[in-house]
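Report on the structure given below.
Derivation of every value follows stated rules applied to the coordinates shown; laboratory data play no part. All values derive from a computational prediction rather than experimental measurement. Positions of Cβ are backbone-derived with ideal geometry, glycine not excepted, and every protein chain shown enters the neighbour counts.
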Amino acid sequence: MSAPSENLSASALAHFAKAFQQAPLWMASAPGRVNLIGEHIDYNDGFVLPAAIDRYFIALAAPNGSREIRIRSSHFEEEAVLCLDTPPTPDKATTLWMRYPLGVLAGFLERGAKIPGLDVWVESTIPLGSGLSSSAAFEVAFSSALEQAAGLSLSQVEKALLCQRAEHEFAGVPCGIMDQFASIMGRKDHLLLIDCQSQEMTPIAMNDDSVSLLVANTNVKHSLASSEYAKRKADCDEAKAQLGVTSWRELREEDLASVSGLLDDVLYKRARHVVTEIQRTQNAVEAIADKCWEELGELMFASHDSLAKDYEVSCPELDTVVVIARELGVSGGVYGARMTGGGFGGSTISLVNTSQAQAVLSYYGDHYQEHTGIQLDAFITRPAHGAHALRIASDS
Ligand code: GLA
């Protein structure tokens, strides 16, 4: 099982002791995720193909004898105080980040969980706001710590839905299920094919050492991300209503031409992205099974184009990385690249030839800096194991 580095656990333990003058009793970690293909279709009944990555949110907790949960972190300036005796509501959050644990706590209290007052420390190696699902990992790590403290165990799906609800009702983002599923159910050396209509999940082996996944964080986050996200979902719901379908799965690529006259230009473009992306994701699974890396790479480039032109969720910085990837091409070690996650900044994912991965990393970094004046943070990752409780060594 892959686990957060010992450095992260050791640093979090030391921070906890310093912040609260006691040792934690419970510790849990939850990974971020990267999505290989199938973007903006988890809330559109589609298929997605994410993997948990070896970057983690870690949450440590110990009882504090009060009726409050006090959360601290070196990532956030203020302490968050969650009161256990008044029902959590979004307006109780004094900072944006506090909405996530508050929403998770609401889900536990609703189930009648007996949660003691707690001191909690959280720490992350997932760059925050980078499109790698730091918020889902935060929710899941916190939720895992609460399970331990309350002595209860939620099923994986129940936990994912509880965390997703926190995001909907407390953070105000009408997200799909991909991020929480990936963070909880991630499997080492596997992608997760999630059918977002049935919520069925199939692990897809991704263990050919000749190819690697390269994540590149553009280090930009445009502020319209969450409002535009909600607009895209509304566009898709509207398009579906106008077409008289209850699920996007009722349409195939070949049906698009015949429905084009029923929608205005914008809604048609949204529909075209959804329908073609659902197909690309299914094709990607076949390409992986056949180890056809060039074909998979082409599907990734096509997905990016569709997200940029039809779904309009990319941005110049993400496009720049993809242009650089195309410049390198297969002979330069890149099979394909695309934005990953919600868009408007954040990260790209590239499928690269392992033997050329280091050269690709430097090329990306140099050329991105040259074009944008911004530093690119890129790293090679492997699909990692999902959230789990961590043992605290007795001498710590
Ligand atoms: C965000 C959301 C996910 C998903 C992606 C886009 O990460 O949280 O549910 O919709 O955007 O694929």
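If a/c stays under 1.5 just call it rounded; otherwise compare a/b with b/c (prolate if a/b is bigger, oblate if not). Do that for the range 1-140, with a ≥ b ≥ c from the square roots of the Cα gyration tensor eigenvalues.
Oblate, since a/c reaches 1.5 and b/c is not below a/b.
So which residue, out of 311, 335, 363, gets the largest mean-square fluctuation from a GNM of the chain using Cα contacts under 10 Å as springs?
Residue with maximal mean-square fluctuation among 311, 335, 363: 363.
Could you work out how much longer the chain between residue 68 and residue 209 gets when fully extended? Use 0.36 nm per residue separation minus the Cα distance between them, nm to one decimal.
Answer, rounded to one decimal: 46.0 nm.
When all alpha-carbon pairs of the chain are counted, what percent fall beyond 34 Å?
Considering the chain, 29 percent of its Cα-Cα pairs are separated by more than 34 Å.
Using r as the Cβ-Cβ distance of residue 266 and residue 374, and R0 as 45 Å, what FRET efficiency do you calculate, to the nearest 0.05?
E(calc), rounded to 0.05, equals 0.90.
What pairs in 221/269; 114/231; 114/188; 92/231; 233/291 have C-alpha atoms more than 29 Å from each other?
Over 29 Å apart, Cα to Cα: 114/231; 114/188; 233/291.
As an exercise, identify the GluC sites (Glu not before Pro) in the range 23-128 lying in DSSP coil whose Cβ has no more than 10 other Cβ atoms within 10 Å.
77
In terms of the Cα gyration tensor, with a ≥ b ≥ c the square roots of its eigenvalues, is the range 271-362 rounded because a/c is under 1.5, prolate because a/b exceeds b/c, or oblate?
oblate
Any idea what angle helix 134-150 forms with the longest principal axis of the chain, computed on alpha-carbon atoms, 0 to 90 degrees, nearest 10?
In the chain, helix 134-150 runs at an angle near 30 degrees to the longest axis.
In degrees from 0 to 90, rounded to the nearest 10, what is the angle of the helix 225-243 Cα long axis to the longest principal axis of the chain?
Tilt relative to the chain: about 50 degrees.
Apply 1/(1 + (r/R0)^6) to the Cβ-Cβ distance of residue 21 and residue 252, taking R0 = 51 Å, and write down the FRET efficiency to the nearest 0.05.
Computed FRET efficiency for residue 21 and residue 252 comes out at 0.25.
What is the list of residues in the range 339-369 whose amide nitrogen lies under 11 Å from a point 7 angstrom out from the Cα of residue 220, following Cα to Cβ?
It comes to 344-346, nothing else.
Let me know the shape class of the range 211-381, please: from the alpha-carbon gyration tensor, a ≥ b ≥ c as square roots of the eigenvalues, rounded when a/c is under 1.5, otherwise prolate if a/b is greater than b/c, or oblate.
oblate
Using only helices, what value at 222 nm comes out for the chain when you add -39,500 (n - 2.57) per DSSP H run of length 4 or more and divide by the total residues, to the nearest 500 deg cm²/dmol?
Result for the chain, helices only: -13000 deg cm²/dmol.
Kindly express, to the nearest 10 degrees and within the range 0 to 90, the angle between helix 99-110's C-alpha long axis and the longest C-alpha principal axis of the chain.
It is inclined by approximately 70 degrees.
Loop sites only, by DSSP: take the trypsin sites (Lys or Arg not before Pro) in the chain that have at most 14 other C-beta atoms within 10 Å and name the longest stretch containing none of them.
115-251
For the range 87-132 and the range 231-254, what is the centre-to-centre distance using only Cα atoms, to the nearest Å?
33 Å
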